[in-house]
Amino acid sequence: IRKEPKKFATHLNLGSLNEIVFYRKRNSDLHLISHCDLKNDFPGLRRDLKRMLAVNYILELVDALMPLEDKNEEVFALILSCLKSLESTADTTRIIQMFQIKMLSLSGFKPHFDSCLVCDKKISASAYFSHRLGGLLCLHCRGRDRDSNAVLKGTIASIRHLEEEDWSRAQRLGLNSSVRLELQKLLHDFLVFHLEKHLKSPQYLYI
C-alpha cells in the first residue's frame, strides 16, 4: 500500500469487506497488497459514532483472541453476521454481548456455565462466577474462590441460550436491564482476567 496509497484508501475502511490479493513476506507479518476489490462497505455502520465504536471493539477483540493469520471460517462468518446486525439496529450493546459470548466459545475461551466447576452438579438456584477458574460455582463449592461473584439465574440462562442458538435466533432473546448490566460486567472482567490486559475500546462503548 505504501507505493500506491490512493489506490486503496477508499476500500480499506474499518469494518469493510474486501477481496485482497497480497504477496507474503517471509520475515515479516506485513505483506504487500497488490489488488483490493471492495465487496461490502457496510454503509449503515457509519451512520453514528456508537456503531463505529462497536465495530472497533469487535475487531480489537478478534485480534486479541485469535492467532495472527489463523484461518477460521466460523469466526469470519460471525464477524459478518455481527456487522450486518449493527447496520440495522441501534442497540449496539446487545449485539456486542452476543458477539462476546459466541466469540469466546469459538476461540476456546468459553466460560463453563453448564454446571458447577467443582462438583459438576447442575446449577438450579444461586450460583457464583469465578473469573480465575473460568466458570460457575454452586453455593457449597464457592469456597474454592472467595473472589467469585453472585450471578443471576437469568444471566446464566441467557448465556446458555446465546451460546447454543444460531445468530438469527439468538437476536430474538429478550434481555432485561439487570441481565444486561450483569453481562456487561461479567464478560468484561472475564476477558480482562484471561487476556491479562485491558482492551482500549470498552472505555468508550457505554458512554
Some residue of segment 6-15 being in contact with a helix residue (DSSP H, G or I) (Cβ under 8 Å, 6 or more places away or on another chain), surrounded by 11 or more Cβ atoms within 10 Å (Cβ to Cβ), modelled with pLDDT of 85 or more and not polar (S, T, N, Q): yes
Of all residues in segment 157-168 being surrounded by fewer than 19 Cβ atoms within 10 Å (Cβ to Cβ) and not acidic (Asp, Glu), the one that is nearest to GLU60 (Cα to Cα): TRP167
Any hit, segment 169-179, residues being closer than 13 Å to ILE101 by Cα and either assigned to a helix (DSSP H, G or I) or open to solvent by 40 Å² or more (accessible area, probe 1.4 Å) (or both): yes
Extreme residue, modelled with the lowest pLDDT, among residues of segment 86-137 that are surrounded by fewer than 15 Cβ atoms within 10 Å (Cβ to Cβ), polar (S, T, N, Q) and farther than 21 Å from ARG169 by Cβ: SER124
Those residues of segment 180-204 which are open to solvent by 70 Å² or more (accessible area, probe 1.4 Å) and of a type in the set (S, T, N, Q), in sequence order: GLN203
Failed item, numbered, when CYS141 is tested on (1) open to solvent by 70 Å² or more (accessible area, probe 1.4 Å); (2) touching a Cys at 6+ places or on another chain (Cβ under 8 Å): (1)
Count - residues of segment 171-201 that are within 14 Å of the chain's Cα centre (by Cα) and hydrophobic (A, V, I, L, M, F, W, C): 8
Residue count for segment 145-156, restricted to those that are open to solvent by 60 Å² or more (accessible area, probe 1.4 Å), under 21 Å from VAL192 (Cβ atoms) and touching a strand residue (DSSP E or B) at 6+ places or on another chain (Cβ under 8 Å): 3
Boolean, GLU69 is of a type in the set (D, E, K, R), loosely packed, with under 14 Cβ neighbours inside 10 Å, under 20 Å from the mean Cα position of the chain (by Cα) and within 24 Å of SER158 (Cα to Cα): no
Residues of segment 18-45 classified as assigned to a loop (DSSP other than H, G, I, E, B) and within 25 Å of SER105 (Cβ to Cβ), total: 1
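The values are calculated or read from the model by the stated rules, or taken from the named source; none is laboratory data. Remember, predicted model here, so these are calculated numbers, not experimental data. Backbone-built Cβ (ideal geometry, glycine too); neighbour counts: all protein chains shown. The accessibility values were calculated without ligands, DNA or RNA, using every heavy atom of the protein model including side chains. Shrake-Rupley method; radii C 1.70, N 1.55, O 1.52, S 1.80 Å.
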